[in-house]
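**Student:** Take a look at the following structure, please.
The values are calculated or read from the model by the stated rules, or taken from the named source; none is laboratory data. The shown structure was predicted, so the numbers you read here are calculated from the model rather than taken from an experiment. No Cβ is skipped: glycine too gets one built from the backbone with ideal geometry, and neighbour counts run over all protein chains shown. Areas reflect the complete protein model, heavy atoms only, side chains present, ligands, DNA and RNA absent. Shrake-Rupley method; radii C 1.70, N 1.55, O 1.52, S 1.80 Å.
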Amino acid sequence: MKKIVLIEDDSDLFALIKYNLEKDGFAFAGSQTGKGAIDLCRREKPDLVILDIMLPDSDGLEICRAIRSHPELSHIPVIFLTARAAETDRIVGLEIGANDYIVKPFFVRELIARIKIHFRDQPTASKLLKSGDLELDRARCQVRQAGQEVSLTATEFRLLEFLMTRPGVVFNREQLLDSVWGHDRAVTDRTVDVYILRLRQKIEAQDGPSLIRSVRGFGYSFQPEAVQEQVS
């Protein structure tokens, strides 16, 4: 059963969409406020997000940007549901990462149809990342090396997952902070160096190859060779 998260402040519209989604067999979770939207998505792990742009306490565009930059959420389709009908608004919404843009007023059946289009022939998400004898199991939030479990904190796991899903791409410290720690944070660039050091101590043998590569004057990347994604 696919799960939909709805962020919409209009109570009547919220109830109408909820009723029709559940009637059509979707699991549902939602909020009528933009505050805590990212935490809601992380908690519910939806298959798709329906997002209003003009929320009373938040900007839907910023929420979409946060979803796209979050390692746990970046793959989730986002449909904007908004009264902003100008062509420039549509272009901005799609350019920042929305998969679809529906202008109010609209037909609920059209919304349902568009949701189903996003699920049509949707590939199964890879849950197991492998590089040599290192395995990261996204479903179980576990890391194993040579068959032995490696004890990582939640932040260490998110950092390793983010790098392994983008092998060969070099990220500076600010990008890693935004993607792994989030925009609302009380940490500094030095924090990234500390966590990279901890990860290396846990997953890299002293005489073995370097899995996490330092790029002098810029940042870090995961070595691009032999990263495989499998469905577990």
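**Student:** Starting from the Cα gyration tensor of segment 82-223, take the square roots of the eigenvalues, sort them a ≥ b ≥ c, and report rounded, prolate or oblate (rounded when a/c is under 1.5, otherwise prolate if a/b is larger than b/c, else oblate).
**Tutor:** Since a/c reaches 1.5 and a/b is larger than b/c, the shape of segment 82-223 is classed as prolate.
**Student:** Rounded, prolate or oblate for segment 97-180? Axes are the square roots of the Cα gyration tensor eigenvalues, ordered a ≥ b ≥ c, and the cut-off for rounded is a/c under 1.5.
**Tutor:** prolate
**Student:** How large is the dipole of the chain about the Cα centre if only Lys and Arg carry +1 and Asp and Glu carry -1, each at its Cβ, rounded to the nearest 20 debye?
**Tutor:** 440
**Student:** If you don't mind, there's one more thing I want to ask. Can you return the aspartates and glutamates within cross-link range of K23? Criterion is Cα-Cα under 19 Å, with same-chain partners fewer than 8 residues away left out.
**Tutor:** E8, D12, D47, E110
**Student:** If you don't mind, another one. With +1 on each Lys and Arg Cβ and -1 on each Asp and Glu Cβ, how big is the dipole of segment 1-126 about its Cα centre, in debye rounded to the nearest 20?
**Tutor:** That gives segment 1-126 a dipole magnitude of about 420 debye.
**Student:** Something else: Take each of the peptides 111-119, 45-53, average the number of other beta-carbon atoms within 10 Å over its residues, and list them starting from the highest.
**Tutor:** Ranked by mean Cβ neighbours within 10 Å, highest first: 45-53, 111-119.
**Student:** Indicate, rounded to the nearest 5 percent, the antiparallel portion of the DSSP beta bridges found entirely in the chain.
**Tutor:** Bridges in the chain are about 55 percent antiparallel.
**Student:** Enter the accessible area of H75 (Å², nearest 10), with the probe set to 1.4 Å and all protein chains included.
**Tutor:** 130
**Student:** For every other residue with a beta carbon closer than 11 angstrom to the beta carbon of D10, add +1 if it is Lys or Arg and -1 if Asp or Glu, then tell me the sum.
**Tutor:** Local charge sum for D10: -3.
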